[in-house]
Amino acid sequence: MSVTLLVCVLGMVAIGALGLLGRRRPAASLEEWSVGGRNFGAFTTWLLQAGEIYTTFTFLGLAGLACTSGVAVTYALPYLPLAYVGLYAIAPVIWRMGRDRGYLTQGDFFADRYGSRLFGGLTSVLGVVFLLPYLQLQITGLGLVIQLATGNKDAGTPAMIAASVLVVAFVLWSGIQGVAKAAYLKDALMVVALLVLLVMVPAHYSGGIGHLGAQLREHHSELLSVPAGGPFGQVWFFTAMLTSLFSVLFLTMPQGWAPVLAAGSERALRKNSIWIPVYGATQAIPMIVGFTALTTLSGAASANGNGVLLQLASGAMPDWLLGVIAVAAAATAMVPSAGIVLGMSTLVARNVLRPRGARAGLLVNHGTVVIAVTLALVLGIARPDALANLLLLTYSGLGQMAPATAAALTRRPLLRAWSAGAGIVVGEAVLIWLTFGDSYHGAISTGLISLAVNVVVAVAVELVLRARGGAPVLPDEPSAPSSASAPATV
Amino acid sequence: MPLALTLLAVPVVALLAAVWLPFVNGPQLWLGLPSLLVWSVGWVLALTPALAYVERCRNATATAAAAATVTATSTSTSTSTSTSTATSTATGEER
């Protein structure tokens, strides 16, 4: 066993062990398991939300995108910090509603605010369907990390299996407490890995960042700016950024709800929003590594975009340090996977199957954790491309929830369940048609177009329903805390 | 608070406009890196102090509002006390 592989194995076991230490006794209720008693401080909330920033896409994918597309990759830099500017105001509102009405999931919010279990169920089913390929992506990414870092093609599958078992174990045992504990190690490793990469990779391959810039200008000046037109031009850059911004701002990813609902106070969430941009800015580091790859690797070597970060790291540092970088990369798969599967399972237990009784609820929830991870793992090993098409829809598909969330943040929802539901269904249909119909080749992000159609349809249906009489069905006014009780429904 | 929100709007607009600004989105290098990257990182980092200032102003406003409420409550309490004393005196309850 090589030193790198040994460090990888030890690191993955350490992540799993920390996750298991998140709780001493098994959680007695789904609320305790999924939002941990709603008492997380600012730092833990920050770790949970920051944990969403660095997925395998961010860590490996941004370097690859910088290597293949140049500076156009910077579209990914501002949207998350900008979204947190909005979340500074929105997250406390959602947190208050969640505390007062006992929300555990995004589906609870929709069911309660729109007074419709059917609507809560519809959004939850969409959430689970769109998250499955995202979960598979994380697991497949982990296999790729171990393969690339160790240079051993046979190491990927056992690593995927081991990581999946560890994730299932600590998620089942510790719930969100385990995800938070694992996030401590993950973010500490990320800081170390980013600093090491920033210093060592440009210095080793280009003689420092200053020389890197000169080489870029000399050989790839066309990639130093975003072109006015074309498929990755200014319009694409701006609209892709806006689509992602709306998606994060309105918490359209179901796994983003647990960290908000688990916070101990509004202040913790506001403080978190203040500091997230600093962490978000560090995404520039994988991009700089990608630029280094652009000047260093030959065409064939740089074609495997997702692998360039580890490829450069392996040539610039000793094996044990490469192992640390690989563990950090593996953590970017394991911790988000845990958050994703937690989000999926609570949606199924609370909003889709809705079994009666706390024990049955926990059973369905835990069963979903096992089934979802197993399915993602089996597909990741046997049919890695099976969900590739669905993955194309994950971000923009979930983004279709944004108008419904925005309309429900006011004291009285601005839309009815039927209006919001019609908007989502038509928005998803337009998105699927634009993505797979082969008839759209424009520069505007398909997610933004379908989002616009979604809003137009929702408003039109709402106007028709209002014209036919009656105001929207209103949820009860928020009252005393209702602990884990099911939200008000029709 | 309006000043804090105006200050916050500066990095927000700078980030949204980045790709449309010719002096930012060009082949030039700043600090040895692509100018668009440096501009984006700089303004993203500026969001934190801007938001912190908004939070500070928000807390100051909340504290002032709370103090005003306490003052108003104590004033109304002392007013009602003196009114009730006057009423009691008039009705001879003090005896």
Provide a whole-number value for the mean count of partner chain Cβ atoms within 10 Å of the Cβ atoms in peptide A:326-336. 0
Over region A:29-184, what number does the Rg to Rh ratio reach, with both radii from the alpha-carbon atoms and Rh per Kirkwood? 1.00
Please state the charge dipole magnitude for the protein assembly as shown, taken about the Cα centre, from unit charges on C-beta atoms (+1 on K and R, -1 on D and E), reported in debye and rounded to the nearest 20. 1120 debye
Computed on Cα atoms, Rg of region A:238-302 relative to 2.2 N^0.38 Å comes out at 1.60
With helices defined as uninterrupted DSSP H runs, which ones in chain A have an alpha carbon span along their own long axis of at least 27 Å and mean Kyte-Doolittle hydropathy of at least 1.0? A:117-150, A:176-206, A:319-347, A:358-382, A:417-436, A:446-467
Any chance you could run the full-extension gain for A:Ala169 through A:Trp433? It's 0.36 nm times the residue separation minus the Cα-Cα distance, nm to one decimal. 91.1 nm
When a/c is below 1.5 the answer is rounded, else prolate if a/b is larger than b/c, else oblate, so apply that to region A:362-442 with a ≥ b ≥ c taken from the square roots of the Cα gyration tensor eigenvalues. oblate
If we count every other residue with Cβ under 9 angstrom of A:Arg416's Cβ, Lys/Arg +1 and Asp/Glu -1, where does the sum land? 0
With every protein chain kept in place and ligands, DNA and RNA left out, what is the accessible area per residue of region A:305-375? Probe 1.4 Å, answer in Å². 33 Å²
Sum of side-chain charges, A:Gln283 neighbourhood, beta-carbon under 15 Å (Lys, Arg +1; Asp, Glu -1): -2
With every protein chain in place, the protein assembly as shown: carbon and sulfur % of accessible area (1.4 Å): 68 percent
Whole-number accessible area per residue in Å² for region A:1-154, which is evaluated in the context of all protein chains at 1.4 Å: 31 Å²
Express in nm, to one decimal, how much length is gained between A:Ser221 and A:Glu266 on full extension, taking 0.36 nm for each residue of separation and deducting their alpha carbon distance. 11.5 nm
Trypsin sites (Lys or Arg not before Pro) within region A:13-54, DSSP loop, no more than 11 other Cβ atoms inside 10 Å: A:Arg24
Would you list A:Ile139, A:Ile444 from the most to the least accessible area, probe 1.4 Å? A:Ile444, A:Ile139
P(r) of region A:181-284 in 5 Å steps, Cα pairs, percent per bin? 2, 9, 10, 15, 16, 16, 14, 10, 6, 2, 0
Count the net charge of all other residues whose Cβ sits under 14 Å from the Cβ of A:Val145, scoring Lys and Arg as +1 and Asp and Glu as -1. +2
On full extension of the chain, what length is gained from B:Ala17 through B:Ala60, given 0.36 nm per residue of separation minus the C-alpha to C-alpha distance? 12.3 nm
For a quick check of understanding: with a 1.4 angstrom probe and all protein chains in place, what accessible area in square angstrom does A:Tyr54 have, to the nearest ten? 0 Å²
Rounded to a whole number, what is D in µm²/s for chain A from Stokes-Einstein with the Kirkwood radius over alpha-carbon pairs (4 °C, 1.567 mPa s)? 56 µm²/s
Show me you know the interface measure: the accessible area buried between A and B, both chains summed, probe 1.4 Å, in Å² to the nearest 100. 2900 Å²
In Hz, Karplus ³J(HN,Hα) per residue of region B:27-36 (6.51, -1.76, 1.60; θ = phi - 60°; x = Gly, Pro): x, 6, 10, 10, 6, x, 10, x, 4, 5
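The values are calculated or read from the model by the stated rules, or taken from the named source; none is laboratory data. Note that this is a predicted model, so its numbers are computed, not measured. Using ideal geometry, Cβ is built from the backbone for each residue, glycine included, and neighbour counts are taken over all protein chains shown. Ligands, DNA and RNA are excluded from the accessible area calculation, which covers all protein heavy atoms including side chains. Shrake-Rupley method; radii C 1.70, N 1.55, O 1.52, S 1.80 Å.
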